[in-house]
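Take a look at the structure below.
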Amino acid sequence: MALVLILQLLTLWPLCYTGITWTGTQEVRGPRIPNYSVPPLTRPKFLLPELRPPIYSVPPPSYPKPWLWAHPAAVVSPGINVTLTCRAPRPAWRFVLFKSGDTAPMLSQDVLFRQLVEFFLEEVTEAQAGSYHCCYSSPRWARGVWSQPSDALELLVTDQLPRPSLVALPPGDTVSLRCAGRVRNMSFVLYRVGEAAPLQYLEATQPWADFSLPRARAAGTYTCYYHTLAAPYVLSARSEPLVVSFDGSASLDYTRGNLVRLGLAGLVLVSLATLVLWDWRSWRRAPPRV
């Protein structure tokens, strides 16, 4: 009889045992359920990280922004192919390009941990001119979180740049002439009227360039213009002539304009005199009234 009771207790013992079951990183106690493929207490540790929830981070406002530049230039003539390159400070998984005034991205690219992408604009038109910026995203961030935008890139599509102005800066040991345009990163050219070859070239990141001339040889009449650094060039018209005297002072040359205005005024006077003479002769030839 005692032997029968011992056998019954041995049969019921596994159903009453409470053990430890691993689920992710949490420890849950409860009835033990046999697992004949992978025993609960011998589950490989390298499976545990896959059971953990993903960790998302949001970049702070000071997070490094990307850089955006254009090739061959930010100022091009219509019909040129332009490449806008966006570079992130660290590997990213997606890049987007925005145009000012649009809420949705103009272009986007999904990449695999790259820091640089290129957006291609084929045969650009004047309608594609405007301000552009780019952003990037990382797989560690929550969905919809983007980096700070890059600095704006002004893309100008035109056949001719606006006319620059040429002025003389306050006199000093040398005579300084400033050729001022409206676009950055240009090449400026200074001419002396009467000479075919350019007098000076200057490349400037600002929308102007300052030319220095020796005071003893500065007297003369000057003009300037500017153009893009990349071929094919986009040129501006020449500035109005600037006259520099022997003492270094300067004034705009109105001689040509005055001659044109005097010529037009003389033409008008000659036309009026012709009409008066023709009317007088017609009156003399008219028959007398009875």
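Only the coordinates and a few stated rules stand behind these numbers; no lab work does. Note that the structure is a prediction, hence the values are computed from the model and not measured. Heads up, the Cβs are rebuilt from the backbone with ideal geometry, glycines too, and the neighbour counts pull from every protein chain shown.
Measuring r between the beta carbons of A104 and H71 and using R0 = 35 Å, the FRET efficiency lands at 0.90.
Full extension of the chain between L116 and A204 gives 29.0 nm of extra length, using 0.36 nm per residue less the Cα-Cα distance. Put simply, the amide H of M106, placed in the peptide plane, has neighbours under 5 Å in L97, F98, K99, leaving out anything fewer than 5 places away on its chain.
If the label point is 7 Å along Cα→Cβ of R90, which residues in region 115-159 have backbone nitrogen under 18 Å from it? Under cut-off, by backbone N: 115-117, 135-150.
The Cα atoms of region 120-165 cover 50, 27, 12 Å along the three principal axes, with the biggest extent listed first.
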